[in-house]
1. May I ask you to list the residues in segment 122-157 that are surrounded by fewer than 24 Cβ atoms within 10 Å (Cβ to Cβ), among the small types (Gly, Ala, Ser) and closer than 16 Å to Leu296 by Cα?
2. For segment 39-76, what are the residues that are surrounded by fewer than 21 Cβ atoms within 10 Å (Cβ to Cβ) and part of a helix (DSSP H, G or I)?
3. One residue is enough: does segment 99-115 have a residue meeting the conditions buried (at least 16 other Cβ atoms within 10 Å of the Cβ) and farther than 19 Å from Ile292 by Cα?
4. Please tell me if Ala148 is modelled with pLDDT of 90 or more and under 21 Å from Ala42 (Cβ atoms).
5. When you look at Gly138, is it on the phi > 0 side of the Ramachandran plot, modelled with pLDDT of 95 or more and not basic (Lys, Arg), yes or no?
6. Report the residue count in segment 210-223 for those that are surrounded by fewer than 19 Cβ atoms within 10 Å (Cβ to Cβ) and under 16 Å from Pro307 (Cα atoms).
7. What's the total number of residues in segment 161-188 that are open to solvent by less than 30 Å² (accessible area, probe 1.4 Å), over 19 Å from the mean Cα position of the chain (by Cα) and closer than 19 Å to Phe65 by Cα?
8. List pairs: first in segment 158-173 and farther than 18 Å from Arg146 by Cβ, second in a helix (DSSP H, G or I) and hydrophobic (A, V, I, L, M, F, W, C), Cβ under 6 Å, 6+ apart or cross-chain?
Amino acid sequence: MFRMKTFNVAILPVALLLGLAQPVLAQLTRINVGYSAISGDAMPAWVAKDAGIFERNGLDAQLVFFTGGTTAVMALVSADTPIAQIAGPAVVNSVLAGSDSVLIAGGVTSLNYYLLSRPEIKTPEQLRGGSVAISRFGSASDFIARYALSKVGLTPGKDVTIVQIGSTTARVDATLTGRVQATVVNPPASIIAQKRGMNVLADLPKLGLVYQHTTAATTRKYIREHPDIVRRYVKAQVEAVHRIYTDKDASLRALARYIGRNVERDVLEKTWENMQSEAVLPKKQYPSLEGIKTILASETKGKAAKPEDFVDSSFIRELDKSGYIDSLYKKR
């Protein structure tokens with residue numbers, strides 16, 4: 001009898017562990033999450049994945065890389081990747097074309113880019129008659145290139161040709177090999193490119209333009225059908241932003257994992273430091289209505305639209321009003 005009781009007591013914790021394990025596993029919802037640039041702007045998704053923040057919010061997030069915002073938004077609309085870290089102009093153009101894409105978190109809300117030229121081109125005037133590489137027409141890099149060129153006294157399409165090349169890496173390589181004379185990129189590519197001899201012709205962060213850049217987006221249909229998943233994703237993004245601000249080591253690990261472990265540490269550190277600004281990465285992660293206005297000024301092409309048409313801030317507002325976001329930054 002004693003042995004039987006001992007046996008029952010021995011198996012009880014095992015049975016409890018097995019019983020408890022099942023619900024935990026069942027709570028993880030598998031979801032594809034797109035991102036469209038190998039840059040510091042994708043850090044919220046990278047850190048959320050690498051640091052286990054998605055999992056703690058019940059999400060088994062599979063990160064999927066797209067070579068441009070236009071491609072990423074197509075996958076978003078088709079629901080292949082129902083949530084994506086994507087450039088603001090791609091979402092705006094998609095909505096103007098009739099989709100139900102919508103911004104749910106602010107991500108990066110400034111033009112964290114540089115117009116960089118080949119080593120022998122040291123002034124904007126020397127770029128006249130040349131070409132500038134972007135990812136795709138209608139993308140953030142397209143807008144940024146045209147804006148930067150206009151700010152240095154050159155007319156896009158007249159003084160300088162805009163050329164579709166693709167990913168950030170492809171654009172830098174195309175510039176260094178002479179296929180084009182310049183490109184627009186952000187950290188860490190901009191840091192690496194300058195180490196390889198490329199010159200800064202325009203420093204976009206210093207121009208002070210408010211701009212809704214890389215953002216978390218989904219579709220209104222997906223919100224209607226899966227509001228809890230969207231809520232958990234937005235919470236994970238807010239927690240990842242907090243981690244970026246407060247945990248340098250975790251941020252550098254995520255950068256090394258997704259950018260490449262052979263990238264020099266000082267490049268990773270400068271990329272992380274570049275994100276330590278509310279103007280670049282807001283802690284409360286509201287999409288920037290002013291930033292969307294900037295996009296609309298060049299993208300509407302006569303169509304009536306207002307910034308609120310492209311945003312669902314309800315999930316961020318819910319977290320903010322609850323005091324949850326403030327509480328993260330009060331912790332020591």
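The values are calculated or read from the model by the stated rules, or taken from the named source; none is laboratory data. Here the structure is a predicted model, which is why all the values come from computation and not from measurement. All Cβ positions, glycine included, derive from the backbone under ideal geometry; neighbour counts span all protein chains shown. Ligands, DNA and RNA are excluded from the accessible area calculation, which covers all protein heavy atoms including side chains. Shrake-Rupley method; radii C 1.70, N 1.55, O 1.52, S 1.80 Å.
1. Across segment 122-157, the qualifying residue is only Gly138.
2. Listed by number, the residues that qualify are Glu55, Arg56, Thr71, Met74, Ala75.
3. To start, the set of residues in segment 99-115 that are buried (at least 16 other Cβ atoms within 10 Å of the Cβ) comprises 99, 101-115.
Narrowing further to those that are farther than 19 Å from Ile292 by Cα: 114-115.
Yes; the residues of segment 99-115 include at least one that is buried (at least 16 other Cβ atoms within 10 Å of the Cβ) and farther than 19 Å from Ile292 by Cα.
4. no
5. When the stated conditions are applied, Gly138 does not pass them.
6. Final tally of qualifying residues: 2.
7. Number satisfying all stated conditions: 1.
8. Note: pairs meeting the criteria are Val172/Ala189; Val172/Ala193.
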